[in-house]
Amino acid sequence: MDEGMEATIGTKVIKLDETDSTNEYAKGIAPEVPEGTVVIAKRQTAGKGRKGRFWASPEGGLWMSVILKPQKVDPRLVFVGALAVADTLSDFGLAPGIKWPNDVWVAGKKIAGILTEGKAGEYTVLGIGLNVNNPIPPELRRDAISMMELIGTPLPLDRVLERLLFHLNAWYRIFKECPDIMMAKVRERTFILGRTVRIVEDDNVLIGRAVDVLDDGSLLLDIDGQLRRILYGDVSLRIP
């Protein structure tokens with residue numbers, strides 16, 4: 001990817017010591033600020049994951065939201081974040097994979113989550129939570145990990161942010177110009193393909209083999225020989 005490409009994301013960066021949620025802050029200012037504005041907080045008191053779940057956000061992690069203004073709402077924007085995080089981790093010598101649709105894992109544990117919210121026709125907020133130097137709470141250590149734990153030393157947050165902004169710009173441009181290329185990379189990086197997964201879709205629990213990520217971003221699941229297209233859901237590799 002061209003280091004000299006025109007930058008959109010990160011031209012304006014708002015840095016906060018603390019906020020409830022960078023996504024909530026970003027939604028409040030989105031109509032007035034230019035596309036690509038980034039909100040970063042040292043700490044979040046009410047960080048959000050999927051379905052409103054709490055996301056632990058102590059100092060040391062990279063907690064940020066990017067305000068985007070695409071021509072139309074597109075659920076595939078979450079993959080701009082996932083791929084950018086994965087490429088950033090690769091820059092630091094790690095081997096990440098995407099757990100469809102919005103998590104990035106390393107060494108069998110979650111290291112980052114992505115959450116998109118917005119207002120149709122106006123803006124999309126791309127929220128990214130990346131465990132960098134932050135301690136992992138004891139109750140989450142079975143499932144979560146940080147860059148510092150994997151690499152063995154604290155990392156300069158500014159350097160991690162610099163690489164992440166570069167990759168966000170690159171993938172956002174590809175998303176706008178040739179989304180099929182982006183989705184091919186998503187398939188390449190999605191480590192659940194070929195594996196049996198458990199998916200909670202609203203109140204339904206589905207168990208099947210993850211076959212493919214389709215160009216529209218949905219997951220193709222093989223359930224006892226029947227193919228089913230999954231638009232969203234919580235994916236687990238732990239089968240009861």
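Ranking GLU59, GLU117 from most to least accessible surface, computed with a 1.4 Å probe over the protein chains only, gives GLU59, GLU117. When the surface is traced with a 1.4 Å probe over the full set of protein chains, TYR232 keeps roughly 100 Å² accessible. Label-to-label distance for ARG142 and ALA95 is 2.5 nm, based on points extended 7 Å past Cα in the beta-carbon direction. Of SER90, SER218, the residue with the largest accessible area leads and the full order is SER90, SER218 (1.4 Å probe).
Pairwise Cα distances in the chain exceed 33 Å for 13 percent of all pairs.
Annotation: aspartates and glutamates with alpha-carbon distance below 14 angstrom to LYS69 (same-chain offsets under eight excluded): GLU32, GLU35, GLU117, GLU122. Across the stretch 125-140, computed HN-Hα scalar couplings (Karplus, 6.51 cos²θ - 1.76 cosθ + 1.60, θ = phi - 60°) run 9, 9, x, 10, x, 10, 6, 10, 10, 6, x, 8, x, x, 6, 10 Hz from first to last residue, x flagging Gly and Pro. Among the protein heavy atoms of the chain, carbon and sulfur supply 50% of the accessible surface, probe 1.4 Å, non-protein parts ignored. In the full protein context, the chain carries 47 Å² of accessible surface per residue, based on a 1.4 Å probe and ignoring ligands, DNA and RNA. Cα-based values for the stretch 180-220, radius of gyration first and Dmax second, are 11.1, 33 Å.
May I ask which of LYS12/LYS185; LYS42/LYS176; LYS15/LYS185; LYS109/LYS185 have a Cα-Cα span longer than 25 Å here? Flagged as over cut-off: LYS12/LYS185; LYS42/LYS176; LYS15/LYS185.
Mean projected area of the Cα convex hull of the stretch 53-131, taken over all directions, amounts to 5.6 nm².
The values are calculated or read from the model by the stated rules, or taken from the named source; none is laboratory data. This one's a predicted model, so the numbers in the text were calculated from it and none came from an experiment. For neighbour counting, all protein chains shown are included, and Cβ atoms are generated from backbone atoms with ideal geometry for every residue, glycine included. For accessibility, only protein heavy atoms count, side chains too; no ligands or nucleic acids. Shrake-Rupley method; radii C 1.70, N 1.55, O 1.52, S 1.80 Å.
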